[in-house]
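Engineer: Structure incoming, see below.
Coordinate-derived values only; no laboratory data. All figures in this text were calculated on a predicted structure; none of them were measured in a lab. Counting neighbours? That spans all protein chains shown, and the Cβs are built from the backbone with ideal geometry, glycine included.
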Amino acid sequence: MKIKIIQVTPFAQNCSLLICERTQKGALVDPGGDIEKIFEAIEEESVTIEKILLTHGHLDHCGASKQIRDQLNIPIEGPHVADQFWIDQLEEQSKQFNLPKSSSFIPDRYLTDDETVEFGEIKLHVKHCPGHTPGHVIFFSAQNNLAIVGDVLFAGSIGRTDFPRGDHDTLIKAIVTKLWPLGNDVTFIPGHGPTSTFGAERQTNPYVADSVTGFH
């Protein structure tokens, strides 16, 4: 699987273009905005996008989803149904942040824990990781030892929990029980900032290092 990270929106959100190299079919994870930039990357890679995958319902992660779905006639899969209340506010949020108009939508498929999503010959495992938002999910490729974690975990930090229906303890529990068992050598792409590995975060992340959580 080939991965291209496209930084979108003024929030510098990592939109991931995932490509199955055997079929040249792909998926877009978290297309938050800057549609021209996204389509440019798709064209550069000569990839056929089969679906949009969403980690959660915040504007900078899913703001361009409906427009891309309408243009390419492809399904939106994710997040978990508990984030629909965020998606319902997209238009309002785009006005609030003075960003291009974003439209709310209903995903073609909500995702839950331990389901799989597929494109080309690639299969991704879904883990429900609430805390930053109640319906946040992450995508894991065992084959590529890679996780796309949205705003659950960052290099050296964790997602904010001061938004409506966010919860700090729930987030820490999700990281420790859902992410760490996937393996220390798993590389993860966060919603913002550089990639890292779960092992590195377990050693040095001030919020979720084993020395802080007591996890072994």
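Engineer: Which one is nearest to Gly150 (Cα to Cα) among residues in the range 1-42 that are over 14 Å from the mean Cα position of the chain (by Cα) and acidic (Asp, Glu)?
Structural biologist: Filtering the range 1-42 for residues that are over 14 Å from the mean Cα position of the chain (by Cα) and acidic (Asp, Glu), the one nearest to Gly150 (Cα to Cα) comes out as Asp34.
Engineer: Of all strands (runs of 3 or more DSSP E) completely enclosed by the range 94-144, which ones contain at least 3 residues that are within 14 Å of Ile76 (Cα to Cα)?
Structural biologist: Because the criterion is at least 3 residues that are within 14 Å of Ile76 (Cα to Cα), the strands (runs of 3 or more DSSP E) in the range 94-144 that meet it are 116-119.
Engineer: Another one. Out of everything in the range 101-142 that is without any contact (Cβ under 8 Å) to a residue 24 or more places away in the chain and of a type in the set (Lys, Arg), what residue ends up being surrounded by the most Cβ atoms within 10 Å (Cβ to Cβ)?
Structural biologist: Only one residue fits best here, namely Lys123.
Engineer: Among the helices (runs of 4 or more DSSP H) confined wholly to the range 166-215, which include 3 or more residues that are more than 27 Å from Phe11 (Cα to Cα), in contact (Cβ under 8 Å) with a residue 12 or more places away in the chain and among the hydroxyl-bearing types (Ser, Thr, Tyr)?
Structural biologist: Answer list for the range 166-215: none.
Engineer: Got a number for residues in the range 176-203 being β-branched (Val, Ile, Thr) and closer than 20 Å to Pro31 by Cβ?
Structural biologist: Counting residues in the range 176-203 that are β-branched (Val, Ile, Thr) and closer than 20 Å to Pro31 by Cβ gives 2.
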